[in-house]
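K.L.:
The structure is given below, and queries will be raised subsequently.
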Amino acid sequence: MGYVLKLRQLVGHQPLVVAGAAVMAQNSVGQIVLVYRTDNHCWGLPAGSTEPGETVQQTARRELREETGLTVGDLTLIDVFSGPQMHYQYPNGDVIDSVTTLYRGNTTGGQLVQATDETSTAAFFDLDELPQPLTPLTKWMLLGQSD
């Protein structure tokens, strides 16, 4: 069980400030991989919360591998996102204020998996042809748009 899930047992649905990372993993033609989430039925960047003792770079790499089966080479920092646009309520009622470090990296290996315990599909998309709907946090980080 992850760190945030353990905290949830103590605080219930109360808002938590959660540090995490996301990665824009690009293939050889510049498309990025997105995953279709089973909790909110939206497409999003591979992302997740940082575990104790883990760097945000390690988080980005771990989440990418867990959610897509892919690996990346060097990570380039895009930005750190926080504030009102990163406030999110999950379908189960859990509330977070996310502080997410977004990276870009080129895929270097692995096999694209189609389903995990959090996702049902993973696929590559052109930045100007993103699928809908996007998760609110992904929409904000990629497009600068909030719901």
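Bear in mind that the values in this text are calculations on the coordinates, not laboratory data. Values in this document were obtained by computation on a predicted structure and should not be read as measured data. Neighbour counts are summed over all protein chains in view; Cβ atoms, including those assigned to glycine, are modelled from backbone coordinates with ideal geometry.
K.L.:
Towards the positive end of the charge dipole of the chain, with charges on Cβ (+1 Lys, Arg; -1 Asp, Glu), say which of V95, A123, L143 has the farthest Cα.
P.N.:
Of V95, A123, L143, it is V95.
K.L.:
Based on DSSP, what percent of beta bridges with both residues in the chain are antiparallel, to the nearest 5? Spell out each step's value before the answer.
P.N.:
Working: 23 of 35 bridges.
Looking only at bridges with both residues in the chain, the antiparallel portion is about 65 percent.
K.L.:
Could you put D94, D74 in order, starting from the residue whose Cβ has the fewest other Cβ atoms within 10 Å?
P.N.:
Working: D94 19, D74 10.
Ascending Cβ contact count within 10 Å gives the list D74, D94.
K.L.:
Considering the zone a paramagnetic label at N92 would reach in this model (a point 7 Å from Cα along the Cα-to-Cβ line), which residues of the stretch 38-60 have amide N under 11 Å from it?
P.N.:
Taking a point 7 Å out along Cα→Cβ of N92, the residues of the stretch 38-60 whose backbone N falls under 11 Å are 39.
K.L.:
Only four residue types carry charge here, +1 at the Cβ of Lys and Arg and -1 at the Cβ of Asp and Glu. Report the dipole size of the stretch 27-75 about the Cα centre in Debye, rounded to the nearest 20.
P.N.:
120 debye
K.L.:
Is there a quick way to get the dipole size of the chain? I mean about its Cα centre, with the Cβ of Lys and Arg at +1 and of Asp and Glu at -1; what is the value in debye to the nearest 20?
P.N.:
Details: 8 positive and 16 negative charges, 41 e Å.
With Lys and Arg at +1 and Asp and Glu at -1, about 200 debye.
K.L.:
Residue separation times 0.36 nm, minus the C-alpha to C-alpha distance between R65 and L7: what's the value? Could the numbers behind the result be given before it?
P.N.:
Working: separation 58, 0.36 × 58 = 20.88 nm, distance 2.41 nm.
Difference between extended and current length: 18.5 nm.
K.L.:
Cα gyration tensor of the stretch 26-126, axes a ≥ b ≥ c as square roots of the eigenvalues: rounded (a/c below 1.5), prolate (a/b > b/c) or oblate? Please list the in-between numbers first.
P.N.:
Numbers: a/c = 1.66, a/b = 1.23, b/c = 1.34.
Verdict is oblate for the stretch 26-126.
K.L.:
Relative contact order of the stretch 1-119, please, whole-number percent, based on alpha carbon pairs below 8 angstrom and at least 6 residues apart. Walk me through the numbers on the way to the answer.
P.N.:
Working: 238 pairs, mean separation 39.7, N = 119.
With pairs under 8 Å counted, the relative contact order is 33 percent.
K.L.:
Let me ask another. Roughly speaking, what is the stretch gain from A123 to I78, that is 0.36 nm per residue apart minus the C-alpha to C-alpha distance, in nm to one decimal?
P.N.:
Working: separation 45, 0.36 × 45 = 16.20 nm, distance 2.14 nm.
The span from A123 to I78 would gain 14.1 nm if fully extended.
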